[in-house]
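In what follows, a structure is listed as structure tokens, so that the remarks can point back to it.
Values in this text are rule-based calculations from the coordinates and carry no lab data. Everything numeric in this text was worked out from a predicted model, so none of it was measured. Glycine also receives a Cβ, built like all others from the backbone with ideal geometry; neighbour counts cover every protein chain displayed.
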Amino acid sequence: MAQLEFPSSLTEIGESCFSECSSLSQIAIPSSVSSIGIWAFNECTSLSQISIPSSVASISESAFTKCSSLAEIEIPDSVINIDKFAFSECSSLKRISFSSSLKSIGESAFSQCTALETVEIPLSVKSISASGFAGCSSLNEVSIPSSLTNIGSGAFPRKTQIVKRD
């Protein structure tokens with residue numbers, strides 16, 4: 001079990017910085033970090049715990065793709081955008097706690113998260129891009145705000161029950 005400890009002076013986790021670190025199991029990103037680069041933790045297959053600080057405003061493209069041991073994620077209120085493929089193929093991801101400030105969910109951001117069963121999209125979300133939750137074969141129900149203005153094609157599996165709420 002490997003855990004990373006970052007210095008409190010760190011402000012950015014760069015592109016592909018820890019990509020394919022298969023023994024990395026836990027990360028606690030310090031509150032000094034405002035940016036997580038694309039592919040930063042791509043294919044960290046043992047990564048089961050992530051703590052994202054409230055200093056991060058956006059989760060970059062493919063930042064946590066194929067983190068197959070990740071079972072839950074809490075998106076802090078500071079995050080307003082989740083970029084494309086950010087958590088795609090996280091096959092053990094069962095629970096997502098979304099930011100109440102989240103505005104958009106990118107293309108295929110949670111695609112192929114096959115353990116995901118229910119999702120509640122916050123009232124703040126205005127856009128879910130194409131294939132946002134495509135291939136989430138266990139996804140039975142999605143609760144979306146009636147104010148959601150853009151849902152891309154194939155955003156949810158066909159069998160998923162969509163429940164609108166105010």
- With T = 4 °C, eta = 1.567 mPa s and Kirkwood Rh from C-alpha pairs, the Stokes-Einstein D of segment 16-73 in µm²/s is about 116 µm²/s
- Query: Which residues' amide hydrogens lie under 5 Å from the amide hydrogen of K103, considering only partners 5 or more residues apart or on another chain, with H built in the peptide plane?
  - Reply: N81
- Between the modelled labels at E15 and I80 (7 Å from Cα along Cα→Cβ) the distance in nm is 2.4 nm
- Note on the structure: So for R0 = 30 Å, FRET eff. of T118-S153 from the Cβ-Cβ r, to 0.05, ends up at 0.85
- Simple Cβ-charge dipole of the chain, Lys/Arg +1 and Asp/Glu -1, about Cα centre, in debye nearest 20: 560 debye
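Plugging the Kirkwood radius over Cα pairs into Stokes-Einstein for segment 82-166, at a temperature of 4 °C and a viscosity of 1.567 mPa s, what D comes out in µm²/s? Could the numbers behind the result be given before it?
On the way: Rh = 12.2 Å.
This corresponds to a translational diffusion coefficient of 106 µm²/s.
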- K159: which aspartates and glutamates have alpha carbons under 18 Å from its alpha carbon, excluding same-chain residues fewer than 8 sequence positions away? E117, E120, E141
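Would you mind counting up the charge near G154? Only other residues with Cβ under 14 Å from its Cβ, with Lys and Arg at +1 and Asp and Glu at -1.
+2
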- Bin all alpha-carbon pair distances of segment 12-164 at 10 Å intervals from 0 and give each bin's fraction as a whole percent. 13, 46, 34, 8, 0
- Measuring from label point to label point, each 7 Å out along Cα→Cβ, what is the S51 to S138 span in nm? 2.6 nm
- Message: Through the Karplus equation 6.51 cos²θ - 1.76 cosθ + 1.60, θ set to phi - 60°, convert the phi angles of segment 22-32 into ³J(HN,Hα) values in whole Hz; use x for Gly and Pro.
- Response: 5, 9, 6, 10, 9, 9, 10, 7, x, 5, 7
- Message: Let me confirm the definition first: pairs of Lys residues in segment 1-144, 8 or more apart or on different chains, C-alpha distance under 16 Å. How many are there?
- Response: 5
- Item | Most positive-pole-ward Cα, G135, T160, I105, against dipole of the chain from beta carbon charges | T160
- Ordered by residue, what ³J(HN,Hα) values in Hz, to whole numbers, does segment 94-107 give under the Karplus form 6.51 cos²θ - 1.76 cosθ + 1.60, where θ = phi - 60° and Gly and Pro are x? 10, 9, 10, 10, 7, 5, 7, 9, 4, 9, 8, 10, x, 3
- Query: Could you give me the ³J(HN,Hα) list for segment 34-46, computed from phi with Karplus coefficients 6.51, -1.76, 1.60 and θ = phi - 60°, whole Hz, x at Gly and Pro?
  - Reply: 10, 9, 10, x, 4, 6, 3, 10, 3, 6, 7, 5, 9
- Task: Starting from the amide H of S143, placed 1.01 Å from N in the peptide plane, find each other amide H under 5 Å away whose residue is 5 or more places distant or on another chain.
- Result: V119, E120, I121, V163
- Task: Quick one: go through segment 34-66 and flag any residue whose amide nitrogen is under 20 Å from the point 7 Å out along the Cα-to-Cβ line of S97.
- Result: 47-59, 64
